[in-house]
1. Determine which member of the set Leu312, Leu300 is touching a residue at least 12 places away in the same chain (Cβ under 8 Å), more than 16 Å from the ligand (Cβ to nearest atom) and in contact with a strand residue (DSSP E or B) (Cβ under 9 Å, 6 or more places away or on another chain).
2. On the basis of being under 16 Å from the mean Cα position of the chain (by Cα) and either more than 14 Å from the ligand (Cβ to nearest atom) or not aliphatic (A, V, I, L, M) (or both), does Ala98 make the cut?
3. From Ser112, Ser123, Ser93, Ser78, which residue is crowded, with 21+ Cβ neighbours inside 10 Å, of a type in the set (Gly, Ala, Ser) and farther than 26 Å from Val56 by Cβ?
4. Do you know which of the residues in the range 201-219 that are within 16 Å of the ligand (Cβ to nearest atom) and among the aliphatic types (A, V, I, L, M) is surrounded by the fewest Cβ atoms within 10 Å (Cβ to Cβ)?
5. Output the helices (runs of 4 or more DSSP H) that fall wholly within the range 359-438 and possess 2 or more residues being more than 18 Å from Arg296 (Cα to Cα) and in contact (Cβ under 8 Å) with a residue 60 or more places away in the chain, or say none.
6. Residues Ile394, Ile412: which one is of a type in the set (A, V, I, L, M, F, W, C), crowded, with 24+ Cβ neighbours inside 10 Å and within 16 Å of the ligand (Cβ to nearest atom)?
7. Is it the case that the range 79-94 has a residue that's within 16 Å of the ligand (Cβ to nearest atom), aliphatic (A, V, I, L, M) and assigned to a strand (DSSP E or B)?
8. Test Leu197 against the stated conditions and say whether it is aliphatic (A, V, I, L, M), more than 17 Å from the chain's Cα centre (by Cα) and more than 16 Å from the ligand (Cβ to nearest atom).
Amino acid sequence: MLRCGLIWSILLVLATTAVAQDSGWKAGFARVVITPEQPMWMSGYGGRTHASEGKVHDLYARAAALQDASGKRVVMVSLDLVGVPKVMSERVSAAAKAKHKLERADLMFCCSHTHCGPALDQSLTHMLDMKDEDWQQVMANQKWLDARVTEAIDTAMADLKPARLATGIGNCGFASNRRAPIGTGPIDHEVPVLRVLSADGTQVRGVIFGYACHNTVLGFYQWCGDYAGFAQLYLEERHPGATALFFSGCGADQNPLPRRKVELAEQYGRMLALSVDKVLATEMSPVSGAVTTRFREIPLEFNTIPSRDELLKTAESADRYQRTRAKLFLKDIDAGKPLTPTYPYPVQVWRLGNVNWVALGGEVVVDYSLRLKQELGAGKTWVTGYANDVMAYIPSERVLTEGGYEGDTSMIVYMQPSKWKAGLEDQIVKTVQELAKP
Ligand SMILES: [Zn+2]
């Protein structure tokens, strides 16, 4: 009798555990190489003078498809690229809607902001001193990239299988605030982690993780995912069969310091991968409930719009970037496309279990993640920058007032008409608050 009772107790515990772990989630993953097949111009630094020369490792588009118990599906895409061109996220979203009925809000396009990836079809590319045939190559490569990203989404959707999801937060210390005086400003060293295990819990199938720091260890002529590229590869090596997807946090004013050596990119990648592994080894919070998605474009205002006369003057400037921007605007105006006083800025919020996952466009400074974590709840708020469209830097009110590169002058290389108008921080945060409401 006693033994029988014991067996029943064990069976009951096992059954309860099985029920508790079967939350109805499914997950699928994909990894597709996006290293350009020919040498071509690289993006991130305007001072480069010629095309790429070989690679440190391959660049990838990775996709994670998640499906909750109700059948709602979402796909997060992680790209070893300097940005996410708006044209790219729109074209790939249209294909995903036609094939998989995924709405725009159900897709999150993230990038590492590596400065050793290819030039893209976006405004930042205008800072490169390229010839017409180089531009044609960039445009052709963009079409190829769009197709590769679509392929990654299709493959991840086809891979959907029962899975166990859990979240946790780690810590990694190599990011420094890069605004003067260097190393003294605010930082965000948190490493949010989503772990996806096989249904039986024996295999790590995927890991999504983020960090708020520029991928600017390297700025040479070889393809490389920088520290994030190394971190993803280390995690995939350590967990055979798993796909590791990185997203950039609000690291626009954060640099990995010191830098400029491949060994340093490897070292920071190892540090970040170890932080993620440490979280994977702890007791993580299982994701229960559903996934909800919201996406909105809000009109962010520019401070001033230059007149045609001002542009004609600037078109003669000794500064190459100023000159290029003025000529670009004049060309648009003459083609009947006047400068617009606002930019459609993308704000997205996914609710995943008890986590609010905020994805903001542009190069977002760290003040945003610190404020949003405070307002939406520490430990359950993730903030991704560089998401869905990377059109400019997004300074906080503090950084906008202080000025400098992130607050003002970077708008020139991004080919935007002026700095942002005061008030953008509250406008963005208010939108996030609205989208995060249950
Ligand atoms: Zn940047």
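Here, each number is a calculation from the coordinates, and none is a lab measurement. All figures in this text were calculated on a predicted structure; none of them were measured in a lab. Quick reminder, even Gly has a Cβ in these numbers, built from the backbone with ideal geometry, and neighbours come from all protein chains shown.
1. Criteria check complete, one pass: Leu300.
2. no
3. Working: Ser112 fails: farther than 26 Å from Val56 by Cβ; Ser123 fails: crowded, with 21+ Cβ neighbours inside 10 Å; Ser78 fails: farther than 26 Å from Val56 by Cβ.
Answer to the check: Ser93.
4. Per the criteria, the residue is Leu218.
5. Working: elements: 366-376, 397-402, 410-413, 424-436.
Hits in the range 359-438: 366-376, 397-402, 410-413.
6. None of the others qualify; the one that does is Ile394.
7. In the first step, residues of the range 79-94 are kept if they are within 16 Å of the ligand (Cβ to nearest atom); the result is 79-85.
Imposing the further condition that a residue be aliphatic (A, V, I, L, M) reduces the set to 79, 81-82, 84.
Now drop any that are not assigned to a strand (DSSP E or B), which leaves 79.
Scanning the range 79-94 turns up at least one residue that is within 16 Å of the ligand (Cβ to nearest atom), aliphatic (A, V, I, L, M) and assigned to a strand (DSSP E or B).
8. Details: aliphatic (A, V, I, L, M): yes; more than 17 Å from the chain's Cα centre (by Cα): yes; more than 16 Å from the ligand (Cβ to nearest atom): yes.
Taking the combined requirement at face value, the residue satisfies it.
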